[in-house]
1. Any idea how many residues of region 308-325 are among the aliphatic types (A, V, I, L, M) and touching a residue at least 60 places away in the same chain (Cβ under 8 Å)?
2. Exactly one of (1) under 25 Å from the mean Cα position of the chain (by Cα); (2) surrounded by fewer than 19 Cβ atoms within 10 Å (Cβ to Cβ); (3) not aliphatic (A, V, I, L, M) is unmet by Asp274. Its number?
3. Given the residues Phe146, Phe138, Phe90, which is the only one that is within 17 Å of the chain's Cα centre (by Cα) and hydrophobic (A, V, I, L, M, F, W, C)?
4. Hey, among the residues in region 56-86 that are assigned to a helix (DSSP H, G or I) and out of contact with any helix residue (DSSP H, G or I) (no Cβ under 8 Å at 6 or more places or on another chain), which one's modelled with the highest pLDDT?
5. When the residues of region 126-150 are narrowed to those that are assigned to a strand (DSSP E or B) and touching a residue at least 12 places away in the same chain (Cβ under 8 Å), which ends up surrounded by the fewest Cβ atoms within 10 Å (Cβ to Cβ)?
6. Which one of the conditions (1) more than 15 Å from Ile170 (Cα to Cα); (2) buried (at least 19 other Cβ atoms within 10 Å of the Cβ); (3) among the β-branched types (Val, Ile, Thr) does Ile315 fail to meet, given that it meets all the rest?
7. Which residue, of Val244, Val196, is at pLDDT below 90, in contact with a helix residue (DSSP H, G or I) (Cβ under 9 Å, 6 or more places away or on another chain) and part of a helix (DSSP H, G or I)?
8. Could you tell me which residue of region 211-238 is farthest from Phe185 (Cα to Cα), considering only residues that are aliphatic (A, V, I, L, M) and surrounded by fewer than 24 Cβ atoms within 10 Å (Cβ to Cβ)?
Amino acid sequence: MNLSSFCLIASFTVSLLCGLIFIPMIVSFCIKKKLYDIPNARKVHKVVVPRLGGVCFMPCMAISVLMAMVFFNTPTFSLTFSINMWACFFFLGLLFIYAVGVVDDLVGLQPKTKFLVQIMAASLLPMANLYINNLYGFCGIYSIPFYIGAPLTVFVIVFVDNAMNLIDGIDGLSSGLSMVALLGFLYCFMCENMLVYGILISGLMGVLLAFMYFNIFGKPGKTKIFMGDSGSLTIGFILGVLFVKFSMDNLIVLPFRRNSMLLAYTLLIVPVFDVFRVIVVRLFHRRPIFGADKNHIHHKFMRAGLSQHKALAAIIGMAVSFVCINYVLINYISVTCVVLVDIVVWIAVHEIVDVFIRKNGMEVFHIQEKTNE
């Protein structure tokens with residue numbers, strides 16, 4: 001085992017142990033203070049469940065990353081770490097997102113307030129000269145200037161952040177899809193020998209695994225917990241930033257990689273496509289695009305007859321399948337054609353699911369009265 005692998009394992013293990021220690025404490029606190037996610041007509045769960053699981057994501061990740069960097073940044077080891085401006089702006093933006101998520105979980109915030117904070121946090125990255133500057137041939141477009149790349153970067157980060165938040169509808173889904181994406185990003189960054197990002201990703205994966213145990217297998221009223229906005233928004237922001245970082249064409253840091261944006265996009269297909277589809281369907285049915293309903297992919301899989309855990313397995317399987325398909329296709333066709341194939345496959349999957357929904361005598365598009373969040 002080389003030193004880099006040991007760093008990753010150490011970061012993952014420390015974060016995992018912190019999660020296993022902190023999450024039961026958070027569950028007890030939520031039960032004592034009655035901080036629950038309340039069931040309603042839109043939500044899948046039928047009993048009250050503590051909702052502050054995501055509060056420990058950032059602290060556990062930070063502890064593991066700091067310990068790894070302090071321990072291995074010594075003369076005994078050959079590894080050195082440095083903090084640059086973009087890293088400072090990233091952690092500042094992450095702190096904003098984490099804070100707004102915690103406040104929303106505790107007292108509630110208006111969607112407009114959260115949206116403005118997301119835009120503000122995402123805007124910090126282009127200010128640090130980290131932005132999407134190349135589309136690598138998508139629709140025939142390659143290099144793009146800052147005045148286009150900067151707002152595109154903000155849009156992408158905010159969209160991914162909200163996608164991870166909105167798909168958090170059944171046990172293990174947001175965290176499971178995040179684990180798939182993080183594992184892919186870990187592979188991508190380590191292939192480029194970018195150890196600092198590997199340590200960061202490993203630290204987040206550790207606490208996510210601990211959370212998934214309590215979220216999926218925990219007993220309601222005792223150990224079960226939801227991540228809440230503090231978790232889903234934190235994860236979404238980090239994934240959005242990782243997408244931008246790996247997609248950016250910077251010859252000073254890395255050689256040109258024609259597949260970089262496609263690989264990053266592939267890891268986020270399911271949550272991103274799901275939110276885009278829901279928005280299109282709501283517009284088609286003349287419903288508010290920011291309204292709450294039961295038309296996300298996990299809702300449809302359950303109306304088609306799958307249990308919550310089977311729907312989770314099916315959606316995670318879809319995410320992995322897209323990664324495998326795109327990894328093969330990029331060697332034979334252009335980036336644009338790969339994206340078109342993904343869209344066709346996505347539509348085909350939904351058409352098949354719609355058949356089973358109709359067989360069960362249920363509506364493909366579920367319309368309901370407005371409920372309290």
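1. So the answer is 7.
2. (2)
3. Answer to the check: Phe90.
4. Leu66
5. Only one residue fits best here, namely Ser143.
6. That leaves (1) as the condition not met.
7. Result: Val196 is the single residue among Val244, Val196 that is at pLDDT below 90, in contact with a helix residue (DSSP H, G or I) (Cβ under 9 Å, 6 or more places away or on another chain) and part of a helix (DSSP H, G or I).
8. Looking at residues that are aliphatic (A, V, I, L, M) and surrounded by fewer than 24 Cβ atoms within 10 Å (Cβ to Cβ), I get Ile216.
The values are calculated or read from the model by the stated rules, or taken from the named source; none is laboratory data. This is a predicted model, so every value here is computed, not measured. Using ideal geometry, Cβ is built from the backbone for each residue, glycine included, and neighbour counts are taken over all protein chains shown.
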